[in-house]
Amino acid sequence: MTEQHISPQVTLSTLNELDVLRIQNRSASATIALQGAHLFEYTPVDSTNLLFVSDAETFVEGQPIRGGIPVCWPWFGAHSHNASAPAHGFVRDKVWAYDIVADTDDRTEIKFWLETDGSDPDFPRVARVELLASIGETLLVSLTTANLGETPFLISQALHTYFRCQNINDVRLHGIAGACYLDKLTNSNHYVPSDFRFDRETDWVVAEAGGPLGLSGLGEDNIKLSRLGSRSLVIWNPWVEKAKTLSHFHADEYKKMFCVETANVSEDSRLIKAKQSHVMVMELARV
């Protein structure tokens, strides 16, 4: 595809097999694949990409991107009763419709959406999911689920954000000490220690109040992560052995990334009543 300028700050182009929107304004640049409404680059002016993307990623049609902010919807993890259903829902390999909501010199906002008609046996519901990406001095991403049908349904979901770091041993998370978490590797509950650091495979679902988090020790910018409509987090790093098994991932890249995922999972899953909606919001700011 020849690059197509569709607004002053937005260009439609391709990256290998995927159509992507490239945003460049005075505050930041970003890149979003139409497949999955998958934002995988956010680079503030005078900085580098705050998000991790594996050097092994091939950007192939029909395959989720390893890195950035995958959208997990309308379920997170395994399907509740169909083991053959795709992990983390079915929207990561779908091409989303989009519209440019606002495009100024300093901030660009793009809305993506998909609708379901109730014919999928794994999610027999009539619904609309929208993702709004707002790129400026901060990065704001919101995920809205609207129940278009007559009966309520339950969703779990996550903005599965991969953060870039220079050395995983230096990374610290601030603001969740004392929160209860489920260790999915051992199926046991614990409390987040005040001196938490990544030093082994980590796959936690943290139940907490939804307050802001600080991410430090990344090597360059520290990050403040703020959320609305989310009272659960997923914290993940594959570490040595798991990293060897991952697709689109070099075995040593666990040292350069970690995930802190804004989520509605476990007891924080959300019941969406008929004709109602739920909004989950994440904002990243350099500090």
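The values are calculated or read from the model by the stated rules, or taken from the named source; none is laboratory data. The structure presented is a predicted model; accordingly, all values stated were derived computationally and were not measured. Please note: Cβ atoms are built from the backbone with ideal geometry, for glycine as well, and neighbour counts cover all protein chains shown.
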Task: Among the candidates S142, S226, S232, residue that is under 17 Å from S269 (Cβ atoms), surrounded by 15 or more Cβ atoms within 10 Å (Cβ to Cβ) and small (G, A, S) - done: S232
Task: Checklist (1) more than 26 Å from W73 (Cβ to Cβ); (2) touching a helix residue (DSSP H, G or I) at 6+ places or on another chain (Cβ under 9 Å); (3) without any contact (Cβ under 8 Å) to a residue 60 or more places away in the chain; (4) of a type outside the set (V, I, T) applied to E201, failing item - done: (1)
TODO: Could you figure out which of (1) more than 19 Å from R164 (Cα to Cα); (2) part of a helix (DSSP H, G or I) isn't true of A209?
DONE: (2)
Task: Selected residue [modelled with pLDDT of 95 or more, more than 25 Å from P44 (Cα to Cα) and in contact with a strand residue (DSSP E or B) (Cβ under 8 Å, 6 or more places away or on another chain)] from D252, D199, D203 - done: D203
Task: Residues that are over 30 Å from G118 (Cα atoms) and in a loop (DSSP other than H, G, I, E, B), drawn from the stretch 142-170 - done: C165, Q166, N167
Task: Test: residue in the stretch 120-138 that is at positive phi and within 15 Å of the chain's Cα centre (by Cα) - done: no
Open item on the list: Whether any residue in the stretch 94-102 is on the phi < 0 side of the Ramachandran plot, small (G, A, S) and touching a Ser or Thr at 6+ places or on another chain (Cβ under 9 Å) is what I want to check.
Closed with: yes
TODO: Could you tell me whether E241 is more than 20 Å from the chain's Cα centre (by Cα), among the charged types (D, E, K, R) and at pLDDT 95 or above?
DONE: yes
TODO: Evaluate the following for E57: is it charged (D, E, K, R), crowded, with 19+ Cβ neighbours inside 10 Å and within 20 Å of the chain's Cα centre (by Cα)?
DONE: yes
- [ ] Go through (1) closer than 20 Å to G67 by Cβ; (2) free of Cβ contacts under 8 Å to residues at least 12 places away in the same chain; (3) not in a loop (DSSP other than H, G, I, E, B) one by one and return the number of the condition H190 breaks.
- [x] (1)
Task: Residue list for the stretch 167-181, filter: touching a residue at least 40 places away in the same chain (Cβ under 8 Å) and within 20 Å of the chain's Cα centre (by Cα) - done: I168, V171, R172, L173, H174, I176, Y181
Task: Residues located in the stretch 157-183, provided they are over 11 Å from V206 (Cβ atoms) and touching an Asp or Glu at 6+ places or on another chain (Cβ under 8 Å) - done: A158, L159, H160, T161, Q166, N169
Open item on the list: Going through L218, L173, L225 one at a time, which residue ends up being at pLDDT 95 or above, part of a loop (DSSP other than H, G, I, E, B) and within 26 Å of F40 (Cβ to Cβ)?
Closed with: L218
Task: Of residues in the stretch 64-88 being surrounded by fewer than 19 Cβ atoms within 10 Å (Cβ to Cβ) and under 16 Å from the mean Cα position of the chain (by Cα), the one farthest from Q157 (Cα to Cα) - done: A87
Open item on the list: Quick test of your reading of the structure: L182 fulfils all but one of (1) touching a Ser or Thr at 6+ places or on another chain (Cβ under 8 Å); (2) surrounded by fewer than 17 Cβ atoms within 10 Å (Cβ to Cβ). Name the failing condition by number.
Closed with: (2)
Open item on the list: K275 - would you say it is touching a helix residue (DSSP H, G or I) at 6+ places or on another chain (Cβ under 9 Å), charged (D, E, K, R) and modelled with pLDDT of 95 or more?
Closed with: no
Task: Yes/no for V260 being assigned to a strand (DSSP E or B) and modelled with pLDDT of 95 or more - done: yes
